[in-house]
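Shown next, in structure tokens, is the structure this report addresses.
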Amino acid sequence: MDIHEILEHLPHRYPILLVDRVLDVIPGERIVALKNVSVNEPFFPGHYPHHPVMPGVLIVEALAQAAAILSFKTMGGKPNDKSVYYFVGIDGARFKRPVSPGDQLILEVSIQANKRGLWKFAAQAKVDDQIAAEAELLCTVRTIE
């Protein structure tokens, strides 16, 4: 999926859109996506000016966005103005290596369960085949009024 199709499957926009391309997706199973980490990211001037590092919370957010795309592909739908995709839980989050400008973050997410609209995912973010972060994510889609 290119950026145009990603924008159809995610409600996120700049500066919080953190998925640049989907390399592989198998609805109902898994997704592999990527985030190109640029020195021009809006958070780098403050995190940290002398040694830029992507905040761990944004790495986990990128994983959740990949999970959202997988959820919508699995459901055969797309988000709209009446729905919102909520991140409702993070378990076992671990950060193994820093992510810096110039890195290509590979986001690998697989579905563990989907019960009553609550999705559970196993997620890993890698740089050069090294795990940068991993977590178990819980997400849900809700209709807003």
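The values are calculated or read from the model by the stated rules, or taken from the named source; none is laboratory data. In this text the structure is predicted, and so the values were computed from the model without any measurement. Neighbour counts run over all protein chains shown; Cβ positions are idealised from the backbone, glycine included.
Got at least one residue in region 98-119 being more than 17 Å from His12 (Cβ to Cβ), among the acidic types (Asp, Glu) and either in a loop (DSSP other than H, G, I, E, B) or out of contact with any Leu (no Cβ under 6 Å at 6 or more places or on another chain) (or both)?
yes
For region 25-38, indicate whether the set of residues that are in a loop (DSSP other than H, G, I, E, B) and either at pLDDT below 95 or within 18 Å of Lys126 (Cα to Cα) (or both) is non-empty.
For region 25-38, residues in a loop (DSSP other than H, G, I, E, B) and either at pLDDT below 95 or within 18 Å of Lys126 (Cα to Cα) (or both): present.
Looking at this structure, is Tyr48 aromatic (Phe, Trp, Tyr), modelled with pLDDT under 95 and either out of contact with any Cys (no Cβ under 8 Å at 6 or more places or on another chain) or more than 25 Å from Glu5 (Cα to Cα) (or both)?
So Tyr48 fits the description; yes.
Within region 56-79, identify whether any single residue is outside any strand (DSSP E or B), of a type in the set (Lys, Arg), in contact with a strand residue (DSSP E or B) (Cβ under 6 Å, 6 or more places away or on another chain) and over 22 Å from His4 (Cα atoms), and answer yes or no.
no
Of the residues that sit in region 125-136 and are crowded, with 16+ Cβ neighbours inside 10 Å and in contact (Cβ under 8 Å) with a residue 24 or more places away in the chain, which one is nearest to Ala62 (Cα to Cα)?
Checking each candidate, the answer is Ala125.
Can you find, within region 49-80, the residue that is surrounded by the most Cβ atoms within 10 Å (Cβ to Cβ) among those that are among the hydrophobic types (A, V, I, L, M, F, W, C) and over 21 Å from Leu138 (Cβ atoms)?
Out of the qualifying residues, it is Met54.
Looking only at residues in region 81-113 that are crowded, with 16+ Cβ neighbours inside 10 Å and at pLDDT below 95, which one is nearest to Val39 (Cα to Cα)?
Phe87
Kindly indicate the residue of region 17-48 that is hydrophobic (A, V, I, L, M, F, W, C) and over 11 Å from the mean Cα position of the chain (by Cα) and also surrounded by the most Cβ atoms within 10 Å (Cβ to Cβ) among those meeting that condition.
Taking the candidates together, the pick is Val37.
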